[in-house]
Each structure stands twice: as C-alpha cells, then as structure tokens.
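Worksheet: the structure to be examined is printed underneath.
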Amino acid sequence: MKFTSAQPNLRDQQRVDVKTDIVIERPDGCQCSCTTANLSRSGVMVSCNQSTANLLAQGNRALAPGNAMPVKARFSVPMQPAQPVIIAAGNIVHFRRIAQDRFQVGIQFEEFEGGGCACVDQYVRSLLNKRGKFT
C-alpha cells in the first residue's frame with residue numbers, strides 16, 4: 001500500500017535531530033549509504049562525504065528551483081521496535097557543502113510504501129512532544 005505526503009512544503013514542518021543509517025537510490029539503481037541529520041514529516045536531511053555527494057549529484061548537476069532529482073530511500077525510524085520506512089518516491093531538493101568533506105542533502109518525501117508515512121509522523125510527533133515543541 002502506498003501513501004502520498006500531504007505536506008509538500010518542507011518549511012512548514014518542524015524538524016527533529018535523528019541520526020540513523022539511510023540508503024538512497026538514484027533512478028539508475030545506484031545506491032549510496034549515508035546518515036540522517038534531521039527528520040520532519042515532509043523530508044529528511046542527510047549527511048554524507050564528498051564521494052557520496054558526487055554520486056548523488058550525478059555529475060554535479062546544478063540544483064535549481066524546479067530541478068529536483070528523483071530518488072528512493074530506505075531507513076528505519078528508531079522506535080521500539082525499529083520501524084522500516086521506504087520512500088517510494090522523493091526528490092533531492094537541497095545540496096550544501098558544510099565542510100571540506102561534509103555535505104548536507106535534503107530529500108523531500110513524495111510517496112511512502114506501506115505504513116511509512118504514519119511511522120514518520122508518529123516518531124516526529126513523539127519527539128516534539130518530549131521536547132515540548134508540539135501541541
């Protein structure tokens with residue numbers, strides 16, 4: 001079963017710091033392993049090194065508004081027990097170098113498989129409630 005994200009604007013969603021492994025897959029099947037930096041209901045910020053950023057950038061293709069790069073992704077929401085999340089469709093909408101060999105890659109969710117949308121929503125909501133940032 002697939003669910004589509006109802007919140008396309010990344011800035012409308014509060015983010016929570018989450019460090020977990022994530023696998024990103026380009027349309028050509030190339031896969032890269034990275035680490036998440038933060039998570040919201042509408043997207044995830046990923047940290048990676050330069051070689052991984054180069055693979056994801058597909059030859060340093062410039063990211064401009066309306067020029068997002070389609071990807072798929074898999075990660076686990078660190079709940080008890082861990083819940084797998086599969087992003088059936090997403091877009092890289094942000095690339096930023098933060099240090100010589102560290103990059104941030106922003107992925108906007110478009111479509112989840114199974115209960116992924118509910119898992120992300122529940123996890124983000126629980127962290128925001130613990131921090132008193134969600135009503």
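Between Cys30 and Asn49, the modelled label-to-label distance comes to 1.7 nm, taking each label 7 Å out from Cα in the direction of the beta carbon. FRET efficiency for the pair Ile98 and Arg131, taken as 1/(1 + (r/R0)^6) with r the Cβ-Cβ distance and R0 = 35 Å, rounds to 0.90.
When Ser51, Ser42 are compared by accessible area at a 1.4 angstrom probe, the order from most to least is Ser51, Ser42. Counting only protein heavy atoms and a probe of 1.4 Å, the accessible surface of segment 22-125 is 49% carbon and sulfur.
For Ala89, the amide hydrogen comes within under 5 Å of the amide hydrogens of Glu110, Glu111, counting only partners 5 or more places away or on other chains and with H modelled in the peptide plane.
Decide, for segment 17-135, between rounded, prolate and oblate: order the square roots of the alpha carbon gyration tensor eigenvalues as a ≥ b ≥ c, take rounded if a/c falls under 1.5, and otherwise choose prolate if a/b is larger than b/c, else oblate. Verdict is prolate for segment 17-135.
The values are calculated or read from the model by the stated rules, or taken from the named source; none is laboratory data. These numbers come from a predicted model, not from an experiment. So basically every Cβ, Gly included, is an ideal-geometry build from the backbone, and we count neighbours across all protein chains shown. Just the protein is used for accessible areas: all its heavy atoms, side chains included, with ligands, DNA and RNA removed. Shrake-Rupley method; radii C 1.70, N 1.55, O 1.52, S 1.80 Å.
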